[in-house]
Amino acid sequence: MSRVIALWSGGKDAMQALCHARDQGHQVVALVTFAPPNPSFLAHPLPLVRRQAEALGLPHRLVTIEAPFEQSYEQALADLRQEWQIEGVVTGDIDSVAGAPNWIRERCRPLGLAVHTPLWQQTRVALLADLLARGIKAHLSCVDTRVLTPDWVGRALDAATLAELQALAARQGFDACGEQGEYHSMVTDGPGFAAPLPLSGWRVARQDHLAYLAEDGESHLVS
């Protein structure tokens, strides 16, 4: 059993990677989110990320990253290795982005940290089937409106939604798992959660070509 941290966005891929890492016998000691100074994530609101960590009973670290990015990531990972006495890092990466090398793997290499990517290059059908089989509950938190219409925001990633998403992806040629930024998700329940997180008090907002969930005390999203 190795001690690892899980890189955490709060989305379905991060949750699936966490589940796989535990299945493989790794001891996940903390969830870590890398972020720029004064972060404000549209797709992955930090208050909800913190509630996820609490529900999972794991510490959460928000780690600030600044230019020069290679050195900043490597120093942050070195500090995390020292703090948690870890041997490796778990990520929910599915595939390379624009053919580039895996960023975290490259940053961990000089530190001697193992990188576990349990979802890497699995078929999209298999990944989405795994999401359902594990009982992970997630909602679409942000969509690229050049690919999906704003009414997709807030939809639960249940069997019907995933089937519709895969059919649409097959016709239009985009990634059914959203690996190229077509959409993002937030998990509200799954293996290890002490209790489901109520997703309420949100509305659909727009920024440039993105539609996303924004806090609004007067609107409610029923999961």
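The values are calculated or read from the model by the stated rules, or taken from the named source; none is laboratory data. What you see is a predicted model, and the numbers here were worked out from it, not measured in a lab. Please note: Cβ atoms are built from the backbone with ideal geometry, for glycine as well, and neighbour counts cover all protein chains shown. Accessible surface areas use protein heavy atoms only, side chains included; no ligands, DNA or RNA. Shrake-Rupley method; radii C 1.70, N 1.55, O 1.52, S 1.80 Å.
Of note:
- Some residue of region 178-188 being more than 14 Å from R124 (Cα to Cα), at pLDDT 95 or above, open to solvent by less than 60 Å² (accessible area, probe 1.4 Å) and part of a helix (DSSP H, G or I): no
- Of all the numbered requirements in (1) within 16 Å of S185 (Cβ to Cβ); (2) open to solvent by 20 Å² or more (accessible area, probe 1.4 Å); (3) not in a helix (DSSP H, G or I), L132 misses one, and that requirement is (3).
- Inside region 63-104, residues that are at pLDDT 95 or above, assigned to a loop (DSSP other than H, G, I, E, B), of a type in the set (S, T, N, Q) and under 19 Å from the mean Cα position of the chain (by Cα) make up a count of 1.
- Near pairs, Cβ below 8 angstrom, 6+ apart or cross-chain, from region 10-24 (polar (S, T, N, Q)) to any residue that is open to solvent by 10 Å² or more (accessible area, probe 1.4 Å): Q16/G92; Q16/P118; Q16/D130; Q16/R134; Q24/H116; Q24/P118
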